[in-house]
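Q: The structure that follows is given in the form of structure tokens.
Please treat every number below as a calculation from the coordinates, not as lab data. Just so it is clear, the structure is predicted and the values come from calculations on it, not from any experiment. Backbone-built Cβ (ideal geometry, glycine too); neighbour counts: all protein chains shown.
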Amino acid sequence: MRRILGTLTSVALLFTPGIGMAQTAPSQVSEFNGADVSLKFPPPVESRNAMAVSSQHFATQAGVDIMAAGGNAIDAAVAIGYALAVTHPCCGNIGGGGFATIHLANGKDTFINFREKAPAAASANMYLDDKGNVIPNLSLHGYKAVGVPGSVMGFERMLTKYGTKTRAEVMAPAIKLAADGYKLDEGDVRTYGFAAAEFAKEPNVAAVFLNNGQPWKVGENLVQKNLAATLREISAKGPDVFYKGDIAERVVAAMKANGGLVTMKDFADFTVTEGDPLRCSYRGYNIISSPPPSSGGASMCEIFNILSGYPMDKMPVHSAKSIHLMVEAMRHAYVDRNFSLGDPVFVKNPLDKLLSAKHAAAIRAKIDPVKATPSSEVKIGTVPHESDQTTHYSVVDKFGNAVSVTYTINGGFGSGVIAGDTGFFLNNEMDDFTSKVGAPNLFGLVQGESNAIAPGKRPLSSMSPTLVTKNGKVMMVIGSPGGSRIITITLESILNVIDHNMDIKAAVDTPRIHHQWMPDTVYAEDNAMTPAVRKELEAAGYKFTSGRPWGSAEGIIIGTKDGKRILYGANDARATAGAAIGN
Ligand code: GLY
């Protein structure tokens with residue numbers, strides 16, 4: 001068993017200067033002949049049997065322990081989901097919802113949708129004032145921002161349909177972590193520290209997530225007695241206590257007292273759906289990911305389809321040429337995402353068109369070989385937004401099951417409120433809807449009518465829990481938090497493996513780039529490209545925004561070593577409290 005806490009400080013950047021983007025014809029993308037970027041990272045964690053990777057090491061351990069006790073990857077995924085709700089409550093949480101993409105040992109792939117729903121009293125203009133302007137923060141903070149949570153029902157579906165252990169067995173580690181507490185490390189403390197001022201505004205939040213009014217420190221033990229009691233109730237009585245019983249009642253009482261909309265009927269009416277994942281192929285690999293109400297799978301596949309017309313594998317990682325092509329593909333795919341996708345129960349998603357070879361070819365024909373295309377020339381409009389405090393985890397067992405889960409309460413610690421003594425944060429997923437067509441959301445995304453608010457509708461998501469298969473066998477399990485950037489983080493992690501032959505640790509740690517049509521800027525992490533490449537791209541019309549690192553891609557690759565199956569796991573170096581653990 002091994003745990004690696006990643007670090008980006010070991011990054012070494014070597015390059016050879018680009019040769020300029022001169023003279024060539026449209027089909028010749030080689031004028032973007034950028035620098036070679038060579039990065040060094042620690043090796044992945046190896047295991048012959050099973051592997052789990054999440055952004056909090058106690059949660060990863062919970063999943064590995066379940067598999068060591070004979071459980072399968074689905075049992076482990078449910079154990080991790082509940083444990084993250086205790087140890088990573090900013091992001092993983094029973095007050096939110098998410099998606100699971102699952103490959104079963106029998107060869108079947110399935111997708112479980114436990115995304116939150118808008119309450120019945122929600123309406124398209126609920127976040128607008130009488131002049132039609134968005135009321136700041138109403139969709140982000142407090143009870144009116146909350147959608148009906150889905151995680152408890154989602155985990156139950158996974159466990160009862162595909163797991164082998166009892167609910168009590170898979171929830172026991174989470175209950176222990178909440179009741180006895182867990183020792184905080186630097187990554188945990190940083191996450192709580194970001195929100196300390198917000199915690200102080202809510203007495204029942206401050207009582208737990210501040211230590212006598214002060215931020216928690218490294219090495220201290222965080223106990224969550226109310227959450228432990230809530231988890232014990234769910235463990236003993238099942239999801240009905242959450243959706244029809246005592247827990248729903250306490251949430252609804254707080255809703256009534258604080259202007260929230262979620263009712264007992266909304267809880268009782270909540271449903272989880274299950275169906276086929278969305279699929280596409282890239283250079284002989286099959287990508288299996290999230291269909292609507294996620295935009296993740298569709299947008300990634302659209303970008304893969306566009307890039308499959310270029311020799312991306314022949315270009316150095318983040319050369320000017322490869323960044324140019326990736327950014328242009330992203331620009332177009334985000335326009336399609338923002339204006340045409342939504343909850344499939346409410347809108348017809350034009351997936352046949354968006355994922356067609358014809359559409360990809362038409363976009364390639366519009367991509368200038370040497371110049372950035374201004375976003376305003378691709379589409380007029382405004383962008384939707386999205387929050388980034390989601391979490392992703394990946395699990396593979398010895399039986400041949402693989403599980404990719406991304407779930408969220410949207411913004412960091414969701415709406416910032418905990419109903420009474422329930423112990424868990426409620427989501428602010430309503431902000432993922434289009435509050436006003438054309439107005440940017442938390443992530444700066446500008447969206448259209450297809451994602452307008454309606455009663456019982458699920459907001460469009462970017463969460464992209466993904467599996468990659470080759471010849472019918474899973475070779476990669478991957479996903480990430482990051483709001484609107486989830487799509488490009490997951491995409492780049494896969495491109496790094498398929499095109500650039502990186503191991504999984506390098507694939508998730510390599511600095512990232514992102515473009516989402518609007519704002520019309522290339523987001524770039526430090527070291528994402530050499531100064532020469534950046535200069536070349538600036539000359540081609542690109543603007544750059546540098547910022548703190550983003551996302552936490554948690555991945556597993558299934559390969560062979562010495563003729564036998566081996567699992568390689570990697571916790572993203574950006575998630576310092578996380579771990580890949582083999583068994
Ligand atoms: N709230 C982030 C997402 O669903 O994509």
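Q: Starting from the Cα-Cα distance between GLU233 and ASN471, subtract it from 0.36 nm times their residue separation and give me the gain in nm to one decimal.
A: Fully extending the segment from GLU233 to ASN471 adds 81.3 nm.
Q: Another question, then. Based on the Cβ-Cβ distance of ALA253 and THR545, what FRET efficiency does E = 1/(1 + (r/R0)^6) give at R0 = 41 Å, to the nearest 0.05?
A: 0.40
Q: Here is a further query. Each label point is 7 Å from the Cα along the Cα-to-Cβ direction; what then is the distance between the points at VAL218 and LYS564, in nm?
A: 3.8
Q: Separate question: Over the Cα atoms of the chain, compute the convex hull volume and normalise it per residue, giving Å³.
A: Normalising the Cα hull of the chain by residue number yields 132 Å³.
Q: Please compute the volume of the convex hull spanned by the alpha-carbon atoms of the stretch 147-207 and report it per residue in Å³.
A: Taking the convex hull of the Cα positions in the stretch 147-207, it is 142 Å³ per residue.
Q: Could you give the semi-axes, largest first, of the ellipsoid that matches the stretch 502-583, computed as the square roots of 5 times the alpha carbon gyration tensor eigenvalues and rounded to whole Å? Provide the component values of the computation, followed by the final result.
A: Numbers: eigenvalues 210, 43, 20 Å².
Output for the stretch 502-583: semi-axes of 32, 15, 10 Å.
Q: How high is the relative contact order of the chain, given as a whole-number percent (alpha carbon pairs under 8 Å, six or more residues apart)?
A: Rounded, it is 26 percent for the chain.
Q: Right, here's the next one. Which value in nm describes the separation of the simple spin-label points at ASP352 and ASP421, placed 7 Å from the Cα toward the beta carbon?
A: About 5.7 nm, to one decimal.
Q: For a paramagnetic label modelled at 7 Å from the Cα of ARG190 toward its Cβ, which residues of the stretch 394-427 fall within the zone defined by backbone nitrogen distances under 14 Å?
A: What the label zone holds, given the 14 Å backbone N cut-off, is no residue at all.
Q: Treat the count of other C-beta atoms within 10 Å as a stand-in for reagent exposure and order GLU198, GLU186 from fewest to most.
A: GLU186, GLU198
Q: For every helix of n ≥ 4 consecutive DSSP H residues, a contribution of -39,500 (n - 2.57) applies; sum these over the chain, divide by its total residues, and give [θ] at 222 nm rounded to the nearest 500 deg cm²/dmol.
A: After summing the helix terms and dividing by the residues of the chain, the value is -9500 deg cm²/dmol.
Q: What whole-number distance in Å separates the alpha-carbon centres of the stretch 112-185 and the stretch 313-374?
A: After rounding, the separation between the Cα centres reads 31 Å.
Q: Moving on. Determine ³J(HN,Hα), in whole Hz, for all residues of the stretch 268-278 in sequence, where each value follows from phi through the Karplus function 6.51 cos²θ - 1.76 cosθ + 1.60 and θ = phi - 60°; x replaces Gly and Pro.
A: The phi angles translate into 5, 7, 5, 9, 9, 10, 9, x, 6, x, 8 Hz.
Q: Students often check this: by mean Cβ neighbours within 10 Å, which of 139-150, 352-363 ranks highest, and how do the rest follow?
A: Values: 139-150: 26.1, 352-363: 14.8.
Going from most to least packed, we get 139-150, 352-363.
Q: Points 7 angstrom from Cα along the Cβ direction at THR373 and ARG283: gap in nanometres?
A: Here the answer is 2.3 nm between the modelled labels.
Q: Let me ask another. Can you compute the FRET efficiency between LYS225 and ALA68 using 1/(1 + (r/R0)^6), with r the Cβ-Cβ distance and R0 = 22 Å? Round to the nearest 0.05. Walk me through the intermediate numbers first.
A: Numbers: r = 28 Å, r/R0 = 1.29.
My answer for the efficiency is 0.20.
Q: For the ranges 201-208, 470-477, 490-497, what's the packing order if you count other beta-carbon atoms within 10 Å of each residue, average per peptide, and put the highest first?
A: Highest-to-lowest ranking by the protection proxy: 490-497, 470-477, 201-208.
Q: Report the net charge of residues surrounding TYR127, where surrounding means a beta-carbon distance below 14 angstrom and charges are Lys +1, Arg +1, Asp -1, Glu -1.
A: Net charge in that neighbourhood comes out at -2.
Q: Helices from the chain with mean Kyte-Doolittle at least -0.5 and a Cα length along the axis of 15 Å or more, per DSSP H: which?
A: 57-68, 73-87, 151-162, 167-180, 225-237, 246-257, 296-307, 320-340, 486-498
Q: Here's something else I'd like to know. Over the stretch 213-272, what is the relative contact order in whole percent, taking alpha-carbon pairs under 8 Å and six or more residues apart?
A: 23
Q: Here's another thing I want to ask about it. Taking the number of other C-beta atoms within 10 Å as the exposure measure, put PHE433, PHE194 in order starting with the fewest.
A: Placing the least packed residue first, the sequence is PHE194, PHE433.
Q: Could you work out, for the stretch 179-292, what percent of all Cα-Cα pairs fall into each 5 Å distance bin, beginning at 0 Å and stopping at the bin that holds the largest distance?
A: 2, 9, 12, 12, 13, 13, 15, 11, 7, 4, 1, 0
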